[in-house]
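Here the structure comes first, spelled out in structure tokens, and everything after it is commentary.
The values are calculated or read from the model by the stated rules, or taken from the named source; none is laboratory data. It should be emphasised that the depicted structure is a prediction, and the values quoted were computed from it without experimental measurement. Virtual Cβ from ideal backbone geometry, glycine too; neighbours counted across all protein chains shown.
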Amino acid sequence: MVASETLRNDPPTPQTRGKLRQDVVRRLLERGRLQPHHVKAAEEIRTVHEAVGRGMFPTAQSMTWTGHQPDRGRGRDFLDRMTDAERHAWQHRYLPWTQEMATEIAAGIPGTRWLQLVVDVVVDNATLREVERRYRLRLGAGLAYLERGLDRYDFRRH
């Protein structure tokens, strides 16, 4: 490709479009099953979760052999790869929330952590039915756990 050419952004094929899953949290909001404050919490949880994982895996650039260690910028841990806003959210809201939620047991399979159930929906985009089956919850319990878990994400903390 010549440098002056621009990349085309072709629309997905019908087969690909059929495999795409709409954002579960957004769909629950559109159907009136979640409130806007739940979505706000879910979006920040998703953002911080992704920021924590940023840079954890090698990229093509980091794998290129140059004869010396690749320059990774300012630091080597995930906090150095976060924006100030992500770091603030992680420290003041996400970390306290995960510490609290990781100790709470959800009904169903013994040892099921409430945190994992919420992360399955918010980050991994699992449907409520999938979560209810996975954790052996009664029909409708997945939404209740998700709502209460998102309610506990406290934006009043800093």
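Data table
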item	result
Unmet criterion (only one of (1) closer than 21 Å to R21 by Cβ; (2) modelled with pLDDT of 95 or more) for H49	(2)
Unique residue being surrounded by 15 or more Cβ atoms within 10 Å (Cβ to Cβ) and among the acidic types (D, E) when the list is D77, D120	D120
Of residues in the range 135-146 being part of a helix (DSSP H, G or I) and without any contact (Cβ under 8 Å) to a residue 60 or more places away in the chain, the one farthest from W97 (Cα to Cα)	A141
Subset of the range 106-134 [out of contact with any Phe, Trp or Tyr (no Cβ under 7 Å at 6 or more places or on another chain), modelled with pLDDT under 95 and not in a helix (DSSP H, G or I)]	A107, P110, G111, R113
